[in-house]
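Below: one structure, written as structure tokens.
The values are calculated or read from the model by the stated rules, or taken from the named source; none is laboratory data. Small disclaimer: the values here were computed from a predicted structure and weren't measured. All Cβ positions, even for glycine, are placed from backbone atoms using ideal geometry, and neighbour counts span all protein chains on display. Only protein heavy atoms, including side chains, enter the accessible area calculation; ligands, DNA and RNA are left aside. Shrake-Rupley method; radii C 1.70, N 1.55, O 1.52, S 1.80 Å.
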Amino acid sequence: MNEFSEFFSQGYWWFSLLGGIHCLGLGLYIRYIYHEKNGTNKLLGDIFSLMALYFFTGLLTSDNAPAPIYLLFILIIPVYFLVMPLLYLYCDRSLHESERPIGFSRHFYPALTIAILVILTTGYRVLFANHWPDIGWPQAAGITNLSLLAMLLPALLFIQTGIYFYYIIKMLSRYPSRTSRLHQDSLKDIKFRWLLVLTLALMSNWLIRAVLIILPFYLGDQAIIINQAATKLTLLLTVYLLAIYGLKQITRAAFLRGKLAQQLPQRKPMQASQQLLSSEELAYLQQLMKEDERENSQKE
């Protein structure tokens, strides 16, 4: 039994490393190589980079961690508050084709506030209590500020995710249906379907993580390594499927752009064979006009 547990732990470590490398490589490729005119590729690249961070946390164990592992996790959690704002901004800028500089959006303020609060609380415990905090599910008599944060942060992250998903789905539902079949509309439909698939994929992983990780935490149970491996495996498969689907949509968009370019050739001078009147008929009309002018001049 111990050999199986050790084998599974080693497999989980390598699986986390593989998922982290793949997500990080995909995020860097989207951010620095695949360019969009309005800069949405940077937002999407940041989302996959945060997924890479989630995978890399599986490499931390009590043996190789430079500090208590619970303390490291509570310091990392504020970074996850950036995922949903990034997804919301990505969908919003993609649908409205906004070209304004992204900058530091107000949607990032909650993550910044929580990060400052966690750093101050942790620093106070470490500097003034003269020992590393023991973070876990506290008893009523042993509740500390850091323990309260450890209990509160997953709930806040859960609430924030639910709120942003609601507004993203609401924003996507306002997208007008395309009754016509113009190619420009088809390109917009491709972008809309990509945003919808990306949102539903992240929502599915969020629900799986809530059931397997967050819910057992509040029920007082420890999230066993099998549950953690299941969430990471689902997320990695989702990343692969999103990459394949995104490549398919890019190929289809390129095909439609090429087809549209072929159907809109440059205007050329009208040939004689395409004119309404032949050259002989035009010459006859000109002769009649000259005769009329001559008769009018004689009358005068």
Using 0.36 nm per residue, how much length does the chain from ILE214 to GLU99 gain when fully extended, once their Cα-Cα distance is taken away? 37.6 nm
Carbon and sulfur %, accessible surface of region 68-121 computed with the full protein complex present, 1.4 Å: 69 percent
More than 16 Å apart: what percent of Cα pairs in region 1-91 qualify? 63 percent
Once the piece of chain linking GLN10 and TYR34 is laid out straight, how much longer is it, given 0.36 nm per residue of separation minus the C-alpha distance between them? 5.2 nm
Here, MET171 and GLN286, labelled 7 Å along Cα→Cβ, have an inter-label distance in nm of 6.3 nm
Whole-Hz ³J(HN,Hα) for each residue in region 17-23, computed from phi via Karplus 6.51 cos²θ - 1.76 cosθ + 1.60 with θ = phi - 60°, x for glycine and proline: what do you get? 5, 4, x, x, 5, 5, 5
For SER98, SER204, give the ranking by accessible area with the largest first, probe 1.4 Å. SER204, SER98
Take the cross-link list LYS188/LYS248; LYS37/LYS170; LYS37/LYS248; LYS37/LYS191 and give me the ones stretching past 22 Å between alpha-carbons. LYS37/LYS170
Residue order for ASP92, ASP63 - accessible surface, 1.4 angstrom probe, largest first: ASP63, ASP92
Provide the gained length on full extension for the span PHE73 to ARG193, in nm with one decimal, where the gain is 0.36 nm per separating residue minus the Cα-Cα distance. 39.7 nm
